[in-house]
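Everything below concerns the one structure shown next.
Each reported figure results from applying straightforward, stated rules to the coordinates on display, with no laboratory input. A quick note: this is a predicted structure, and the numbers were derived from the prediction, not measured. Here the Cβ positions follow ideal geometry from the backbone for every residue, glycine too, while neighbour counts run over all protein chains shown.
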Amino acid sequence: MTKSKYICVQFSDMKTNSLFDNTEAAFQLKNDSQLERAYFLFRMIANEPLVRIGTAVTKFALNVNLPVEGLIRSTVFDHFCGGVNEDECMPVVDNLHKVGVRSVLDYSVEGKEGSDQLDATLNKILELTDFADTKKAMPFSVFKPTGLGRFELYQKVTENIELSDEESQEWKRLESRFDKASKAAYDANVTLLIDAEETWMQKAADDLCEQMMVKYNKERAVVFNTLQCYRWDRLDYLKEEHRKAKEGGYKIGYKIVRGAYLEKENERAEEKGYPSLMHKSKQETDNCFNKIMRYMLDNLDTIEIFIGTHNE
Ligand SMILES: Cc1cc2nc3c(=O)[nH]c(=O)nc-3n(C[C@H](O)[C@H](O)[C@H](O)COP(=O)(O)OP(=O)(O)OC[C@H]3O[C@@H](n4cnc5c(N)ncnc54)[C@H](O)[C@@H]3O)c2cc1C
């Protein structure tokens, strides 16, 4: 069992209004021992030194093939992951669907390098898209750009660095993987969510997402890119993409999130001495999130929205 085989379940489409206050509704799918395990886990996770040591020890144990998978499986894995394959996830997906919650099967792989590995990831995404097509509880498919291409290649394209012949071929294969994943979602009538990652590789991924939207979003938004609202340039970017979509006669779709790489982004900007693209405070990020959400909700005739947050 390797990390790249884990499939997570993410939730969407909550139907209850005050779910977070109503613990009876929020935890109705958990029994007492699962709740006790969750309480224990979160107490452990809140302890920073313990997390640091635990992560290092676990990595070491996995590297030297110590038999720790059973322990991981019965603690962290079972709480945070749906299963290691789509069939294993289905009982969780079905239980959630009974209470009006739909799921996304997320094949959590990123940072792969070789063509074979990247093609294997694409094949898994295509399989999951087909699988989602048959399940009302899962109207989405999802991938991370670095699951389908090498990080450094995205970075070179983002930074306008000329590619060697070999790299140009590699880029063509990457474009083709994006296209296959988007076409599969289009054919299966499934919505495809494409994650956003680090700013120094993201422009190349954004441009590819835009090309996919032009091609597959004529009738509805099949392809969704992600807007990270901790970036101060994203509202202007959205407005510009919206202008192009209206002019080109296609729909745009965005998952909006606050953003997952804040510390890494600020550290890199400081280290390399360029102005960070991050907002300066949580409040500014929240304001940006709300403005972007407002803009999208005001333009639902041409924009589709998916809100990715843990906040009610
Ligand atoms: C379904 C789903 C899909 C996601 N997909 C992506 C993705 O594709 N790409 C991605 O990057 N993330 C993604 N995320 C993660 C997301 O970006 C957030 O990191 C995470 O959801 C926490 O934000 P929140 O809105 O839930 O919670 P909150 O606790 O309200 O917000 C925490 C976030 O606020 C921002 N923040 C905190 N402190 C500061 C500060 N001092 N200055 C500026 N900003 C600050 C950071 O972005 C931080 O993650 C996804 C999350 C979900 C639920």
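Quick notes on this structure:
- Spin-label model distance (nm) - Leu300 vs Thr134, 7 Å beyond Cα toward Cβ: 3.3 nm
- Relative to the current alpha-carbon distance between Lys59 and Asn311, full extension at 0.36 nm per residue lengthens the span by 87.6 nm.
- Theoretical gain in end-to-end length, Ser281 to Leu262 [0.36 nm per residue, Cα-Cα removed]: 5.8 nm
- Spin-label zone in the range 113-131 - amide nitrogen under 17 Å from a point set 7 Å from the Cα of Gln169 along the C-beta vector: 114-119
- The alpha carbon convex hull volume per residue for the range 109-307 rounds to 125 Å³.
- Expressed as a fraction of 2.2 N^0.38 Å, the C-alpha radius of gyration for the range 17-98 is 1.32.
- Lys/Arg +1, Asp/Glu -1 at C-beta; the chain dipole; positive extreme among His242, Ala61, Phe289: Phe289
- Reachable lysines, given that their alpha-carbon falls under 17 Å from the alpha-carbon of Lys98 and they are not under 8 places away in the same chain: Lys15, Lys30, Lys135, Lys136
- Sum of side-chain charges, Ala181 neighbourhood, beta-carbon under 14 Å (Lys, Arg +1; Asp, Glu -1): -2
- Each Lys and Arg Cβ is given +1 and each Asp and Glu Cβ -1; about its Cα centre, the chain then shows a dipole of about 540 debye.
- Efficiency of FRET from Cβ geometry, Asp78 and Asp236, R₀ 35 Å, rounded to 0.05: 0.25
- Taking every DSSP helix (H) stretch of at least 4 residues in the chain, weighting each as -39,500 (n - 2.57) and dividing the sum by the residue count yields a mean residue ellipticity at 222 nm of -17000 deg cm²/dmol.
- Environment charge at Val257 (Cβ cut-off 12 Å; Lys +1, Arg +1, Asp -1, Glu -1): +2
- For the range 113-146, trypsin sites (Lys or Arg not before Pro) meeting the loop criterion (DSSP other than H, G, I, E, B) and having at most 16 other Cβ atoms within 10 Å: Lys136.
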